[in-house]
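Every number in this text was worked out from the coordinates using simple rules, so none of it is lab data. All values reported here derive from a predicted model rather than from experimental measurement. FYI the Cβ positions are ideal-geometry reconstructions off the backbone, even for glycines, and counts take in every protein chain you see.
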Amino acid sequence: MGKSIVILGSQWGDEGKGKIIDLLMRDASVVVRFQGGHNAGHTLVNQGEKTILRLIPSGIMHSHVQCLIGNGVVLSPTALIQEMGELERRGIAVSERLRISEACILVMPYHVALDQAREKAKGKSAIGTTGRGIGPAYEDKVARRAIRFNDLFDEKYFCAKLEEVLDYHNFILQNYHQHTPIDYNQLRDNLLAEVPQLRPLKADIVALLAEYQAQDKNIIFEGAQGTLLDIDHGTYPYVTSSNTVAGAASIGTGYGIRHLNYIMGVVKSYSTRVGSGPFPTELQDDIGKQLASRGNEFGSVTGRPRRCGWLDMVGLHRSIQLNSFSSICVSKLDVLDELETIRICTGYRLHGKTIQIPPADAKSLDECEPIYEDWAGWRQSTAGISKYENLPQKAKQYLSRIEELAGVPIALISTGPDRNEVIVLQHPFQEK
Ligand code: GDP
Ligand code: IMO
Ligand code: MG
């Protein structure tokens with residue numbers, strides 16, 4: 001029997017999803033992205049060679065893998081072509097192995113301009129988006145005015161549609177943001193020039209996935225961002241504009257929900273967040289700086305420093321409720337190696353009360369004081385360890401405590417950025 005596994009972030013993104021997906025691809029033949037766009041930055045390292053993927057699924061380094069982009073993804077043709085070029089120049093075959101849903105919403109330069117102009121106008125209350133146009137593109141989708149991937153291949157229809165949508169957005173850009181309008185002719189010509197490269201990539205992803213499922217292939221559904229950035233369930237409005245939870249794997253690909261049989265949450269052994277928004281366990285002291293520097297916590301795509309803090313079980317509990325994880329992968333354990341004390345947040349104090357469930361609104365979450373339990377650090381290197389028995393006793397205790405608090409088994413422990421720096425306790429594809 002083939003297995004369909006969803007792998008997604010359980011916190012605010014950058015948990016190390018790319019690395020884990022790349023590792024598990026050895027045992028799967030298909031990988032599909034189901035939401036987000038080139039706001040993602042997924043890092044893969046194989047024998048020291050680093051690849052950062054934005055849109056292309058994290059299976060591309062394995063020549064046997066078919067890479068798919070589902071309808072839930074917002075697609076910048078320009079960003080895609082650039083990323084394909086970077087990989088192909090390194091000798092990695094992409095166009096033969098990449099297929100894209102006809103229903104993907106296109107991210108256009110006017111979305112980027114709107115995203116950036118709005119963030120600028122918000123000043124201090126900016127969300128801290130990646131500035132890639134992701135939010136405005138999803139808005140167009142819901143407003144039923146978006147241009148979809150398939151529209152590119154009907155030139156007459158495409159040009160008329162582009163003119164109409166651009167007119168609408170230019171009005172807002174000019175009158176609301178005092179932004180220079182985007183030139184229709186130039187944009188049209190640029191996009192039409194990309195069509196020959198894009199046309200062979202279009203496919204019926206719904207049919208392809210159904211076929212692969214019927215052929216008993218192992219399939220990985222690759223999440224982007226993280227659960228707490230979900231548009232509905234995250235720390236709204238400091239979120240991304242897509243659903244990032246496991247349920248989106250079905251909606252964002254058109255894969256029958258009954259065929260998804262395993263969900264793995266990647267949990268960073270501490271917390272990070274990029275951009276604004278509440279972060280109860282954030283550390284603004286030297287320990288926060290130490291985590292940032294040991295963990296190399298800078299945005300893979302934007303280079304922005306990531307805010308760092310302790311592991312937050314309150315947020316993780318909500319993530320577990322939302323995703324029904326089969327197992328978790330604890331990542332970046334090695335980053336904690338030098339710490340004397342390691343804290344785990346087990347509850348919040350809000351207005352004199354202790355709570356275990358995160359409040360619904362960002363303002364209240366911002367007022368929450370974390371309640372911690374302290375664990376002695378192991379102060380010994382775990383970097384690259386691949387056997388559980390070789391971990392220091394105190395690291396084992398920390399992991400057991402996470403597992404106990406989560407109530408979900410730990411299947412993988414990541415001990416370094418490289419593909420092989422991992423402890424496999426339960427292999428998701430080999431488990432019955
Ligand atoms: P993603 O968006 O979830 O794929 O994560 P990113 O690639 O944005 O960020 C994770 C960062 O941590 C990258 O620089 C990875 O190379 C690195 N990384 C992943 N797993 C580990 C690990 O176990 N230990 C260390 N030290 N780094 C890791
Ligand atoms: P991966 O897949 C971390 C954050 C942004 C911002 C918010 C909204 O690499 O884990 P957007 O541009 O999506 O409208 O920004 O979401 N964000 C991420 N943070 N990892 C990501 O992706 C992110 N993608 C978006 O920093 O706070
Ligand atoms: Mg990332």
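Å³ per residue of the Cα convex hull, for region 1-58? Intermediate values should be presented prior to the final figure.
Details: hull volume 5.1 nm³, N = 58.
Normalising the Cα hull of region 1-58 by residue number yields 87 Å³.
Quick check: the distance between the Cα centres of region 101-126 and region 203-233, to the nearest angstrom?
25
Mind checking the log10 I(q)/I(0) for region 301-352 at q = 0.16, 0.24, 0.25, 0.26 Å⁻¹? Debye, one equal scatterer per Cα, no solvent, two decimals.
For the requested q values the scattering log ratios are -0.73, -1.14, -1.15, -1.16.
Could you name the lysines in cross-link range of Lys353, using Cα to Cα under 20 Å and dropping any fewer than eight places away on the same chain?
Qualifying lysines at Cα under 20 Å: Lys363.
Just subtract the alpha-carbon distance of Ser364 and Met1 from 0.36 nm times their residue separation and send over the number in nm, one decimal. Please list the in-between numbers first.
Details: separation 363, 0.36 × 363 = 130.68 nm, distance 4.64 nm.
Extra length available between Ser364 and Met1 comes to 126.0 nm.
Give me the distance between the Cα centres of region 360-377 and region 294-352, rounded to whole Å.
11
Of Phe221, Gly384, Cys67, which is farthest on the positive side of the dipole of the chain, counting Cα position, with +1 on Lys and Arg Cβ, -1 on Asp and Glu Cβ, and the Cα centre as origin?
Gly384
Alpha carbons only, please: Rg and Dmax for region 94-201, in angstrom.
According to the Cα coordinates of region 94-201, Rg and Dmax are 14.8, 45 Å.
Calculate for the chain the 222 nm mean residue ellipticity that helices alone would give, adding -39,500 (n - 2.57) per DSSP H run of length 4 or more and normalising by residue count, nearest 500 deg cm²/dmol.
On the way: 12 runs with 136 residues, N = 432.
Mean residue ellipticity at 222 nm (helix-derived): -9500 deg cm²/dmol.
Where in the chain is the longest stretch that carries no GluC sites (Glu not before Pro) classed as loop by DSSP and with at most 12 other Cβ atoms within 10 Å?
Numbers: sites that count: Glu96, Glu340, Glu431.
Value returned for the longest uninterrupted segment is 97-339.
Round to the nearest 10 and give me the degree value, 0 to 90, for the angle of helix 77-89's Cα axis relative to the longest principal axis of the chain.
Result, in degrees: 70.
Using only the Cα atoms of the chain, construct the convex hull and provide its projected area averaged over every direction, in square nanometres to one decimal.
Working: hull surface 82.1 nm².
If I average the Cα hull's projected area over directions, I get 20.5 nm².
Could you tell me how many degrees, from 0 to 90 and to the nearest 10, lie between the Cα long axis of helix 313-323 and the main elongation axis, the longest principal axis, of the Cα atoms of the chain?
So the inclination is approximately 50 degrees.
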